[in-house]
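Just below is one structure, and these are the notes that go with it.
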Amino acid sequence: MEAKKTKLKEIDIKHLDLKTIKGLYLEYKEIINYLIFGGLSTVVNFASYFIAARLLKIDEVASSAISWFCAVLFAYITNRLFVFDNKSNTKKGILKEIISFFAFRVLSGILCDVGTFALMVKVFNINDIISKIVTQIMVIIVNYIFSKFIIFKKQEAA
């Protein structure tokens, strides 16, 4: 028997049970998985940076680039397998997905992570920690939009 999806407005918090939690997960699976694997991508980023910079003694900037690549590769694989349902199965389609995934991550990094951060801190004199939090929220939203509507866009049935 298939579990029923549950909308947030249908929840009685006092009577929350496993069936309701499962229904919520099914209703919001894509977003929940995106956030879970996004968090794990951050762990991959920090862990690979630590390994490269501290254990292998690679330059900090090079280690940062390596850790970014590892995190984006991890994010691509997990987004492809566990977050978005539509997946290319041809070599050409997969290559297109990978290239567009990395390209849009570079774009969001330049526009949000670096550009907006610099604007907030240098032009508007906003605290760097607050600016970093705001820009990371922007990056998460922008990357989700790029992934859902461009990179892993569901193909129309022929």
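Derived scalar couplings between HN and Hα for region 102-118 equal 5, 4, 6, 5, 5, 4, 5, x, 5, 6, 8, 5, 9, x, 5, 4, 4 Hz in order, rounded to whole Hz, by the Karplus curve 6.51 cos²θ - 1.76 cosθ + 1.60 (θ = phi - 60°), x for Gly and Pro. Computed from the Cβ-Cβ distance with R0 of 35 Å, the FRET efficiency linking LYS132 to ALA62 stands at 0.95. The Cβ shell under 14 Å around ILE99 holds other residues with a net charge of +4, Lys and Arg each +1, Asp and Glu each -1. Annotation: lysines with alpha-carbon distance below 25 angstrom to LYS92 (same-chain offsets under eight excluded): LYS148, LYS153, LYS154. Residue-wise HN-Hα couplings along region 131-136, as the Karplus relation 6.51 cos²θ - 1.76 cosθ + 1.60 with θ = phi - 60° gives them from phi, are 4, 5, 4, 4, 5, 5 Hz; Gly and Pro carry x. Each residue of region 24-39 is assigned a 3J(HN,Hα), and the resulting list reads 5, 4, 5, 5, 10, 3, 4, 5, 4, 5, 4, 5, 4, 6, x, x Hz, derived from the Karplus form 6.51 cos²θ - 1.76 cosθ + 1.60 (θ = phi - 60°), x at Gly and Pro.
Around ASP113, with a cut-off of 15 angstrom between Cβ atoms, what is the net charge of the other residues, counting Lys and Arg +1 and Asp and Glu -1? Spelling it out: positives minus negatives among the neighbours equals +2. Taken as Cα centroids, region 1-46 and region 80-140 sit 23 Å apart, rounded to the nearest whole angstrom. Each Cα pair under 8 Å and six or more residues apart adds its separation to the average, and for the chain the resulting relative contact order is 18 percent. A simple spin-label model places the labels of GLU27 and LEU107 3.2 nm from each other, with each point 7 Å out along Cα-to-Cβ.
How big is the shadow of the Cα convex hull of region 84-153, averaged over all directions, in nm²? Could the numbers behind the result be given before it?
Working: hull surface 18.5 nm².
Seen from a random direction, the Cα hull of region 84-153 projects 4.6 nm² on average.
No lab work stands behind these numbers, since they all come straight from the coordinates. Remember, predicted model here, so these are calculated numbers, not experimental data. Cβ: placed from backbone, ideal geometry, glycine included. Neighbour counts: every protein chain shown.
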